[in-house]
Amino acid sequence: MGLLTTLVRPRIGLALGGGAARGFAHLGVLRALEEARRAPVAISGTSIGAIIGGAFAAEGASEPVRRRLVEYISSRRFRDVQLEFLSRRPPEGVGLRDRVSRAVKRSLFFGRTYVRESFIPEEIYREHLVGLVPDVPIERLPVPFAAVASDLVSGRAVEFRGGNLRRAVLASGAIPGVMPPLPLGEMILVDGVATDRVPVRALLDMPVDLIIAVDVATDFQAYIPPLRRGVAIHDRANQVTEWSLRRVRLGIADVELHPDVAEFNPLDFPGALPSVERGEESVRAAAARLRSACRCAVLLRMLGASRVQRARRLAARGWFGEPPVIVRGDEAEAGAPVETDGE
C-alpha cells in the first residue's frame, strides 16, 4: 500500500459476531468489502465469526473460504452432526410426525449432555475444523486477527492474539453442551458469545482507524416467543440482559451492519447459505454511511481524535467492563488492559 493510499484510505477493522449458521453472512460482507476495495486490515471474531474471520485472515481473500465452507457443509461428515432440531423456532409447516421426531431428538440430546461434557466428542470437534481453519500461528497471519472466547472460571472474555489459530477457533466456537470446553491453564474456555457476541473491543489495540461491526444475531426484536410459561419468561429475561450489553459494546463501532438473516434457522447450516448474499446486501445498503465514516476517519486520524482513539481511552478507564484476558502464544496475560499508545 503506497503512502498516498495510506493517507487517504482509512484502515478498517472488522468485528464478526457469533450467530451460528447466520454467520455465513460474514462471507458476503467480506466479499462486498473486497469488491469496494475496502478490505479489512484487522479482524476479530466470536464463534462462527472466529471461524470465518480466522480463515480469511489466513487466506487474505473470501472466495477460497467460501468454497471450503460450502464443500464442508455438503459432506457426509457434517450431516452426521447436524443439530437443526435444537432450534427454538420450529420450521413453518412442520407436521405432527416431524414435531414428534424433533422432540425425541431434543430429549436424547439433553439426556446425553446431562451425563457427558458435551454432545459432540472432542476428537470429532477438532476433526471438523481441520478443513476449515489452518494449523498456523496467529502471529504469522497476513491479516492481524483476534478470536474471543469466554472463561467459565473468571467470567471474563479471553482474546487470542497469538498462538495456534485452530486452538483459538476451537475455544471461541465451543458452544456449551454441544462442543467440549477447552482447558487453558486455570481457565475453562467456551464460546465467546457468553462474554462478547460482537467483539468490537478486541480491535481497539489494533492498527485501525475505523471499526465495522457485523451483528448476525438480530432477531431479539424480530421474534418474541410466547411468554406464557416460566421457562420462556426466564429465557427472555436472559436475552434482554445480553441484548443490553451488546448494544453498549456495539456503540464503539463506527458502522454497524445487521444483515437480514432472522428468517434462517441458526442451526440449519445448509439452509442458511443464502445468508452470504444477505451479507453483501447489508454492505451495499450501508454504502453511503460507510463512505461518510471513511472520510471522517481519515480526517480525525490526522487530528488525533478518531472514534477508535476515544474508545481506547474509555476502555482503559473501564467503561466497557473488566478488561479481557489476552493470550499471546502459550501465555495468558490475566488482567491485561487495553493498550492505549500513550493516549
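The values are calculated or read from the model by the stated rules, or taken from the named source; none is laboratory data. Quick caveat: nothing in here was measured; it's all calculated off a predicted structure. For neighbour counting, all protein chains shown are included, and Cβ atoms are generated from backbone atoms with ideal geometry for every residue, glycine included. Note: accessible area is taken over every heavy atom of the protein model, side chains too, but ligands, DNA and RNA are not part of it. Shrake-Rupley method; radii C 1.70, N 1.55, O 1.52, S 1.80 Å.
Annotations
- For the peptides 315-324, 184-193, the ranking by packing is 184-193, 315-324, with the highest mean count of neighbouring Cβ atoms within 10 Å listed first.
- Between residue 244 and residue 292, the contour length at 0.36 nm per residue exceeds the alpha carbon distance by 14.6 nm.
- Normalised per residue, the accessible area of region 134-244 is 40 Å², obtained with a 1.4 Å probe and no contribution from ligands, DNA or RNA.
- Normalised contact order of region 247-335, rounded percent, pairs of Cα under 8 Å and 6 or more residues apart: 24
- Potential lengthening between residue 123 and residue 37 on full extension [0.36 nm per residue; Cα-Cα distance subtracted]: 27.0 nm
- When peptides 290-297, 205-212, 123-130, 40-47 are ranked by their average number of other Cβ atoms within 10 Å per residue, the highest-first order is 40-47, 205-212, 290-297, 123-130.
- Protection proxy ranking of 64-73, 15-24, 28-37, by the mean of other Cβ atoms within 10 Å over each peptide's residues and highest first, is 15-24, 28-37, 64-73.
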